[in-house]
Amino acid sequence: MTGKLSIVQLIQKKELEIFKEFIRVCEKYNLTYFALGGTLLGAVRHKGFIPWDDDIDIGMPREDYNKLMNLELSEFNFPYKLVNENNTPSFTKAFMNLQDSTTKILMTYSNIPHEESLWIDIFPIDGLPSNPIKKYIHEKQYLFSRMMVQLSQFNKIVNQNKKDRPILEKIIIKIADIINFEKILNYKFWQKHYINIISKYAIGEGYAGNYTGAYKLRELVPSEYFSTGEYLSFEDIMIKVPKKYKEYLIAIYGEDYMQLPPESSRVPHQYHIISLGDEHEQ
């Protein structure tokens, strides 16, 4: 990158530094991770960030995910902080963030704007049984418990402006705009229930993936995709990706994942920059 950086490029630069710190700690403790979602797609299609993308998505097998969660916060160099619901009561996600504490942005996608430090997402990778009956029951339990968690904190976490939702989701959101589910549903109860559901099966059960991702069941692929990994270029580093990363990308994005989307879809997330530390002055 030369000349003055755009806001998205500044964010990408910061997130890459967070990613490097995450990889350092994983290598120190021999923890397995895989690039997922748009980060994996960026590595394959762009050898780095998707130009308009402003986040990093990482998955870890549940066992390694829990080991990372239980590390002392001092394992991470300043200004990086591992944030999860165990060490930060106000954090209400079913996954973790590694944040740069010197940054601050205002997220504006939900009914209640809120401030956060810039972060990378760290998702648990869990299993799904191959037995058709067990698989069907578990999928329905997962979808229901996920919906209840989202309704229990609807105004804070649900992006009401997202356009490509199924009709049923749009109807539920319309209803939730009228009925204040946050006063009816106990968030802590449903969050605990949700995590118990998604963490029930080990990766080797037949299928595995990130239950907490945006693509829901499409992110649950044959377990063998995550049996081992390989490394691909991502900006100026090498990152670990699933063994069958091409098949994984097809499952989520379709056969034409190498094609760029229409320009109207090439947009970053909804936020306002408050501070990006020293980089914001460039």
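Note on region 192-212: residues that are outside any loop (DSSP other than H, G, I, E, B) and either touching a strand residue (DSSP E or B) at 6+ places or on another chain (Cβ under 7 Å) or under 18 Å from Asn131 (Cα atoms) (or both) total 9.
Going by the structure shown, is Ser275 closer than 24 Å to Trp119 by Cα and either out of contact with any strand residue (DSSP E or B) (no Cβ under 9 Å at 6 or more places or on another chain) or at pLDDT 85 or above (or both)? Give the steps one after another, and end with the answer.
Details: closer than 24 Å to Trp119 by Cα: yes; either out of contact with any strand residue (DSSP E or B) (no Cβ under 9 Å at 6 or more places or on another chain) or at pLDDT 85 or above (or both): yes.
When the stated conditions are applied, Ser275 passes them.
Every test in (1) among the polar types (S, T, N, Q); (2) modelled with pLDDT of 95 or more; (3) within 24 Å of Leu217 (Cβ to Cβ) is passed by Asn30 save one, and that test is (3). I'd like to know if region 222-242 contains one or more residues that are under 14 Å from Leu36 (Cα atoms), in a helix (DSSP H, G or I) and either touching a Leu at 6+ places or on another chain (Cβ under 7 Å) or of a type in the set (A, V, I, L, M, F, W, C) (or both). Yes, region 222-242 has at least one match. Does region 60-115 hold any residues that are of a type in the set (A, V, I, L, M), in a loop (DSSP other than H, G, I, E, B) and within 30 Å of Lys243 (Cβ to Cβ), and which are they? Of everything in region 60-115, those that are of a type in the set (A, V, I, L, M), in a loop (DSSP other than H, G, I, E, B) and within 30 Å of Lys243 (Cβ to Cβ) turn out to be Leu71, Ala94.
Kindly provide the set of residues from region 171-191 that are in a helix (DSSP H, G or I), surrounded by 15 or more Cβ atoms within 10 Å (Cβ to Cβ) and more than 18 Å from the chain's Cα centre (by Cα), ordered by number. Spell out how you get there, then give the answer.
Of region 171-191, the ones in a helix (DSSP H, G or I) are 171-178, 181-184, 187-191.
After this cut, where a residue has to be surrounded by 15 or more Cβ atoms within 10 Å (Cβ to Cβ) as well, the list is 172-173, 176, 181-182, 187, 190-191.
Across region 171-191, the qualifying residues are Ile172, Ile173, Ala176, Phe181, Glu182, Tyr187, Trp190.
Taking the numbered list (1) part of a strand (DSSP E or B); (2) under 22 Å from Leu40 (Cβ atoms); (3) at pLDDT 95 or above in turn, Leu118 passes all entries but (3).
Just wondering, is there one or more residues in region 63-75 that are crowded, with 21+ Cβ neighbours inside 10 Å and within 17 Å of Lys14 (Cα to Cα)? No, because not a single residue in region 63-75 is crowded, with 21+ Cβ neighbours inside 10 Å and within 17 Å of Lys14 (Cα to Cα). With respect to the conditions (1) within 30 Å of Leu106 (Cβ to Cβ); (2) surrounded by 13 or more Cβ atoms within 10 Å (Cβ to Cβ), Phe226 falls short on a single one, namely (1).
Would you please name the residue that is surrounded by the most Cβ atoms within 10 Å (Cβ to Cβ), looking only at residues in region 1-36 that are of a type outside the set (Ser, Thr, Tyr), assigned to a loop (DSSP other than H, G, I, E, B) and in contact with a strand residue (DSSP E or B) (Cβ under 7 Å, 6 or more places away or on another chain)? Steps first, answer last, please.
Initial filter on region 1-36 (of a type outside the set (Ser, Thr, Tyr)): 1, 3-5, 7-28, 30-31, 34-36.
Filter again for assigned to a loop (DSSP other than H, G, I, E, B), leaving 1, 3-5, 30-31, 36.
Now drop any that are not in contact with a strand residue (DSSP E or B) (Cβ under 7 Å, 6 or more places away or on another chain), which leaves 31, 36.
Working: Leu31: 18, Leu36: 27.
This residue is Leu36.
Residues in region 87-115 that are more than 22 Å from Leu36 (Cβ to Cβ) and either hydroxyl-bearing (Ser, Thr, Tyr) or at pLDDT 90 or above (or both): 9 in all.
Taking region 37-47 only, how many residues are touching a strand residue (DSSP E or B) at 6+ places or on another chain (Cβ under 6 Å), within 15 Å of Tyr231 (Cα to Cα) and surrounded by 19 or more Cβ atoms within 10 Å (Cβ to Cβ)? Of the residues in region 37-47, 3 are touching a strand residue (DSSP E or B) at 6+ places or on another chain (Cβ under 6 Å), within 15 Å of Tyr231 (Cα to Cα) and surrounded by 19 or more Cβ atoms within 10 Å (Cβ to Cβ). Among the conditions (1) closer than 29 Å to Glu205 by Cα; (2) surrounded by 15 or more Cβ atoms within 10 Å (Cβ to Cβ), the only one that Glu255 does not satisfy is (2).
The values are calculated or read from the model by the stated rules, or taken from the named source; none is laboratory data. Quick caveat: nothing in here was measured; it's all calculated off a predicted structure. Don't worry about glycine lacking a Cβ; one is built from the backbone with ideal geometry, like all the others, and counts go over all protein chains shown.
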